[in-house]
1. Name the residues in the stretch 78-99 that are out of contact with any Ser or Thr (no Cβ under 9 Å at 6 or more places or on another chain), part of a helix (DSSP H, G or I) and touching a residue at least 24 places away in the same chain (Cβ under 8 Å), would you?
2. Regarding residue 105, is this residue among the basic types (Lys, Arg), without any contact (Cβ under 8 Å) to a residue 60 or more places away in the chain and either surrounded by fewer than 18 Cβ atoms within 10 Å (Cβ to Cβ) or under 18 Å from residue 20 (Cα atoms) (or both)?
3. With (1) of a type outside the set (Phe, Trp, Tyr); (2) surrounded by fewer than 16 Cβ atoms within 10 Å (Cβ to Cβ); (3) within 26 Å of the chain's Cα centre (by Cα) as the list, and residue 67 as the residue in question, which single condition is left unmet?
4. Scanning the stretch 108-135 for residues that are in contact (Cβ under 8 Å) with a residue 40 or more places away in the chain and of a type in the set (Phe, Trp, Tyr), which turns out nearest to residue 171 (Cα to Cα)?
5. Go through 112, 176, 195, 188 for me and flag whichever is at pLDDT 95 or above, aromatic (Phe, Trp, Tyr) and not in a helix (DSSP H, G or I).
6. Scan the stretch 48-62 residue by residue and report those that are of a type outside the set (A, V, I, L, M, F, W, C) and part of a strand (DSSP E or B).
7. Among all residue pairs at least 6 apart or on different chains, which show Cβ distances below 6 Å where the first residue, located in the stretch 57-77, is closer than 15 Å to residue 47 by Cα and the second is among the aromatic types (Phe, Trp, Tyr) and surrounded by 16 or more Cβ atoms within 10 Å (Cβ to Cβ)?
Amino acid sequence: MAPPTDDAMRTRIITHMNNDHSDSVIRYAEHYGNASRFTSRNAKVEDMSLDKLVLSAGGRTISIPLDPPLKSFSEARERVVKMDQDCIEALGRDSITIKEYRAPKGFEAIVFATCFSTYILLSRPEHVAFVFQKLPEFAAFVLKIRLLVLFPMLAIHVFEASLMVRKLQRHSVPLFSKLWWAWTTSCFIEGVGSFRRTSAIVNEKKQKQQKH
């Protein structure tokens, strides 16, 4: 069987990087192309030669020199891995990328539902009056403390969501992607449970890495 041609190898590398290592490509755009997290969130490898890697990100074309140039495309894997390691260090990222969302289950699901229901209930006086229409005295009490509960709850959960945003950045979740919104919104609603689940994902991936 004839060895693959340079064109075939280049196409295979580009397809593999875009399909399976999009997090690395985004980091290339951020580090080597000085692209913002927003601009780089949909970065793609457009072309590759022995002396450069060409990306597209947010309407920009980013040309990254390969220094020294590759002798052949068989050296590409080792080089792009090394480049990604350099990006991770320079950007202050973790080597583990979070690529999935896990919904709350069990007790965490109860906490999620309780917090979400509380937001809805306390957001408007009409909601309180409707839910507790058969308990007017209790409704009056809830209306009296409504803002005293709602505002601190919002403040705490906004703070927790800001911490989640930083954690998602560290684990290379693309800014404003569906995954980013899923985790950020979940954290805003439920708080600490979302941190436990993201940490579980990271720990599981680290254990798999150690086994290999």
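1. Residues satisfying the conditions are 86, 90.
2. When the stated conditions are applied, residue 105 passes them.
3. (3)
4. Step by step, filter the stretch 108-135, then rank; the result is 112.
5. The unique qualifying residue is 176.
6. Passing the criteria: 52, 56, 60, 61.
7. Cβ pairs passing all conditions: 64/32.
Quick grid of which residues meet (1) in contact with a Phe, Trp or Tyr (Cβ under 9 Å, 6 or more places away or on another chain); (2) surrounded by 11 or more Cβ atoms within 10 Å (Cβ to Cβ); (3) part of a helix (DSSP H, G or I); (4) assigned by TED's automatic domain parsing to the domain that holds residue 85:
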site	(1), (2), (3), (4)
133	no, no, no, no
144	no, no, yes, no
172	no, yes, no, no
182	yes, yes, yes, no
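The values are calculated or read from the model by the stated rules, or taken from the named source; none is laboratory data. What you see is a predicted model; the values in this text were computed from it and never measured. Please note: Cβ atoms are built from the backbone with ideal geometry, for glycine as well, and neighbour counts cover all protein chains shown.
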